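One structure is given here, and the rest of the page talks about it.
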């Protein structure tokens, strides 16, 4: 029986080495397949039941051993929608069932892959090279909150990003305590010439101060006003339709500290409404509040730190409800030899409508869109799933995997892993290692054939006895 058992054992050895060679062949064939996880071969001895002093080494069985948890090299592709997982986890994907475009239907199942060569198709879906569609959750571009709780197939279209009307202008500047107005150049030592003098504008409706009077500079007084004020900078703002117009600001000092006794440095802000106005047509309009400073140059009023700009129509575009936000320390009054305003920052929060220019992926898995109007918004959150036993997942075509009882349920979330945009994970196959295994496998296979040859010779000797 020993010779015949040796024959069957050698055959099992040949079968096991053939199985190993099949895995080696597949690994080498997929050495350039993105996201591929090689399959190693493990061997187990098969021992027949027998008495303790009659036990034999037995035959062998070959089994596959997954390497799903072994990461391949990350390769930079410079394609913004490509993404690789640095650490454990899998992209959650789905397969198309039928239909095209917005009528595409999917399997409504979740598959898992490390293949991250995603790119947009003609309908705005992110699809990898094996035809799997990326799943995730949409993000509200206004609130920044994730919509829904379950991952769904992501579709990002080229729809317009709506315009936003300007509501606030962040203003950071230093106002000179002694403004160098045009009128003051005739007598620099006379502080009164650095002030806006209402008497130069007539009476009633032509009074340029916000109180008393209407706070309007008429076209016929523009030259006088320009000689009494200094420029405060300009900024482009937007209405609700995204139409742009430029807001030009000028500052005029109205009161010097101590004149009369107890007075504080006081300024008025004006907005250009129509700089080419003539006659009684409004050219500049004053803001609703006066601005005051104490002896240290700190702004004391308005206490809120907000200066409400007047409602004006500039070049046909109406602007309203805009606050000039200076905070508690954004606007100061300190000495400046130039006598001009030093505007450190003028920024507003409105923008025109825009279209999606490009997308990128952050380390946390957010799909971020950059729009033609300069806005950058998070559009979606890529779903990443982890498993307690990721090597127990079932392999599918195209580098995808399917959940099994042995793998456990998916844990949605990237955990300690990070996502790297513009990169793709390569196959974790090591060609040199596979060649080494192939040589060992070939030698083991040849050794098993030698066992069969030896057993054959021994049987021939047995048959020769009969002769």
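A few notes on this one:
Let's see how each residue does on (1) surrounded by 17 or more Cβ atoms within 10 Å (Cβ to Cβ); (2) free of Cβ contacts under 8 Å to residues at least 24 places away in the same chain; (3) assigned to a strand (DSSP E or B):
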residue	(1), (2), (3)
33	yes, no, no
45	no, yes, yes
62	yes, no, yes
68	yes, no, no
71	yes, no, no
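- Any hit, segment 411-422, residues being part of a strand (DSSP E or B), farther than 30 Å from residue 158 by Cα and without any contact (Cβ under 8 Å) to a residue 60 or more places away in the chain: yes
- The number of residues in segment 243-260 that are outside any strand (DSSP E or B) and exposed (fewer than 14 other Cβ atoms within 10 Å of the Cβ) comes to 2.
- All positions within segment 339-355 that are surrounded by 14 or more Cβ atoms within 10 Å (Cβ to Cβ) and either modelled with pLDDT under 90 or within 29 Å of the chain's Cα centre (by Cα) (or both): 346, 348, 349, 350, 351, 352, 353, 354
- Scanning segment 288-316 for residues that are closer than 15 Å to residue 209 by Cβ and modelled with pLDDT under 90 gives 288, 289, 290.
- Meets criteria (surrounded by fewer than 18 Cβ atoms within 10 Å (Cβ to Cβ) and not assigned by TED's automatic domain parsing to the domain that holds residue 45) for residue 81: no
- Residue 296 in contact with a strand residue (DSSP E or B) (Cβ under 6 Å, 6 or more places away or on another chain) and outside the structural domain of residue 82 (by TED's automatic domain parsing): no
- Unique residue being part of a loop (DSSP other than H, G, I, E, B), in contact with a strand residue (DSSP E or B) (Cβ under 9 Å, 6 or more places away or on another chain) and under 30 Å from residue 162 (Cβ atoms) when the list is 280, 240, 263: 240
The values are calculated or read from the model by the stated rules, or taken from the named source; none is laboratory data. Since we're looking at a predicted model, the values are computed, not measured. Cβ atoms come from the backbone with ideal geometry, glycine included; neighbour counts cover every protein chain shown.
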